[in-house]
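Shown next, in structure tokens, is the structure this report addresses.
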Amino acid sequence: MIKKLLKRVFRRSAKAKTAGNAQIIPYALHNVPREQISYGAKRVTDGLQAAGFQAYVVGGAVRDLLLGKTPKDFDVATNATPEEVKRVFRRSRIIGRRFRLVHVMFGEELVEVSTFRRMIETEDAQTDEHGRLLRDNEFGDQEQDAARRDFTANALFYDPATQEIFDYHRGFADIRAGVLRIIGDPQVRYREDPVRMLRAVRLSAKLGIRLDAATAAPIATMKSLLDNVPEARMLDEVLKMLLSGHSVECIQELRKMQLHHGLLPLLDVIMEQPAGEKFITLALKNTDERMSQGKSVSPAFLFAALLWNEVLAAWNLLVAQGERPVGAMHTAMDEVLARQKKKLAIPHRHDAIMKEIWLLQQRFEQRSGQRPYRLLEQPRFRAAFDFLLLRCASNEVDNELGLWWDEFQDASDVRRQEMLQPEAAGGAKKRRRKPRKKTGQAS
């Protein structure tokens with residue numbers, strides 16, 4: 001009798017409840033314990049709730065935990081204003097102008113806290129001629145905040161205090177079914193923010209879940225809206241894609257949905273050339289492998305790899321026209337970077353690193369005299385050498401060159417001397433200095 005009663009109670013507790021328009025998913029159904037929430041995020045939600053506010057872990061962290069993945073960071077949403085959040089946490093600062101957020105610091109962990117926002121009514125919305133929202137920053141409640149998020153999987157609110165998930169758009173069911181679905185009318189949401197099309201592809205590839213048919217359908221006819229997105233936002237989304245740890249899958253999905261044209265020259269032309277495609281695929285696989293191992297990846301190195309074939313093509317053309325190799329390389333680099341920045345606002349701080357990596361490639365061919373020793377002393381030698389290995393692996397240059405440098409950099413002084421190649425016949429000769437005239441000597 002007691003066992004039957006306990007089973008009935010457990011079955012009731014394991015069912016989702018509703019509160020207003022939200023479905024409340026209990027711990028017994030989702031199995032995400034409070035212990036999986038980061039220390040900082042728990043401190044923020046506990047602190048805000050103790051001060052009388054609502055506070056939940058939101059977005060990608062909840063989604064990833066439900067998928068059995070480790071979140072990169074934990075964000076919190078609350079009904080407290082930025083000023084109220086700052087009063088609760090001494091070590092915090094308000095950032096942003098149009099979209100104000102609060103960063104709360106706990107040692108090395110930074111927790112981003114946002115106030116619930118609401119969707120602006122259509123008649124009040126400030127948009128451009130293409131329907132892209134220009135103003136979307138008004139406070140609201142939890143349900144309104146869920147409605148303005150992009151995908152159902154990202155609109156879940158986890159309360160660490162009760163271990164319950166608040167779900168307004170059946171995101172929990174979509175995650176369990178392995179589906180990525182946009183909230184609302186896909187055409188309207190893509191017009192509001194065209195970057196959502198790229199985000200849909202990135203998340204689908206990264207999470208290994210399929211894109212809902214209705215969510216995917218309008219993309220083919222609406223992709224031209226991406227031309228109106230500011231370069232800085234495009235760069236941010238492309239970097240997220242390339243540094244997602246699943247860049248190869250992302251690029252494949254982009255090509256499948258014809259979203260790649262216009263993002264990067266490599267995606268327009270290089271990926272359609274066998275040699276270029278092999279080089280880029282190797283570079284992206286190398287990036288994904290480093291990300292999976294928890295190693296850092298330099299965006300400058302990645303962009304250098306992505307744009308290399310275009311630089312190489314421009315350099316070959318200039319050399320064929322009679323320009324000197326070094327001068328031709330400088331011209332080619334400047335042309336490619338100027339052309340690319342019309343699409344993506346690649347920060348200038350990356351330019352110098354990219355150029356150094358490209359310029360050093362010519363010097364790897366010089367294996368006689370003091371040149372190899374001087375190359376080893378270059379600050380970017382390691383990055384340039386890794387770049388050379390990608391070129392060898394893609395058969396752009398002979399693999400023997402990579403093997404030679406791999407041995408030379410770690411060899412003893414005696415072995416290095418043995419490895420040096422003889423000076424080419426007719427090579428540069430030392431200039432003989434003219435004898436200096438003695439003071440007062442007649443000319």
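The values are calculated or read from the model by the stated rules, or taken from the named source; none is laboratory data. Given the structure is predicted, the values throughout are model-derived calculations rather than measurements. So basically every Cβ, Gly included, is an ideal-geometry build from the backbone, and we count neighbours across all protein chains shown.
Mind checking whether some residue in region 55-67 is assigned to a loop (DSSP other than H, G, I, E, B) and farther than 17 Å from Arg170 by Cα?
no
So, in region 77-94, exactly how many residues are in a strand (DSSP E or B) and either touching an Asp or Glu at 6+ places or on another chain (Cβ under 9 Å) or small (Gly, Ala, Ser) (or both)?
Number of matching residues: 4.
Somewhere in region 32-40, is a residue aliphatic (A, V, I, L, M), touching a helix residue (DSSP H, G or I) at 6+ places or on another chain (Cβ under 8 Å) and either in a helix (DSSP H, G or I) or more than 25 Å from Lys206 (Cα to Cα) (or both)?
No, region 32-40 contains no residue that is aliphatic (A, V, I, L, M), touching a helix residue (DSSP H, G or I) at 6+ places or on another chain (Cβ under 8 Å) and either in a helix (DSSP H, G or I) or more than 25 Å from Lys206 (Cα to Cα) (or both).
Select from region 229-268 the residues that are part of a helix (DSSP H, G or I), over 11 Å from Ala205 (Cβ atoms) and at pLDDT 85 or above and list them in ascending order.
Arg233, Asp236, Glu237, Leu239, Lys240, Leu242
Scan Val326, Val319 and give me the residue that is among the β-branched types (Val, Ile, Thr) and in contact (Cβ under 8 Å) with a residue 24 or more places away in the chain.
Checking each option against the conditions leaves just Val326.
So which residues in region 357-372 are exposed (fewer than 12 other Cβ atoms within 10 Å of the Cβ) and more than 15 Å from Leu401 (Cα to Cα)?
Gln370
Mind listing whichever residues of region 377-410 are loosely packed, with under 14 Cβ neighbours inside 10 Å and hydrophobic (A, V, I, L, M, F, W, C)?
Leu403 - this is the single residue of region 377-410 that is loosely packed, with under 14 Cβ neighbours inside 10 Å and hydrophobic (A, V, I, L, M, F, W, C).
Here is a list: Ala313, Ala383, Ala300. Which entry is of a type in the set (Gly, Ala, Ser) and either modelled with pLDDT under 90 or more than 24 Å from Asp406 (Cβ to Cβ) (or both)?
Step by step, each of Ala313, Ala383, Ala300 is checked, and only Ala313 is of a type in the set (Gly, Ala, Ser) and either modelled with pLDDT under 90 or more than 24 Å from Asp406 (Cβ to Cβ) (or both).
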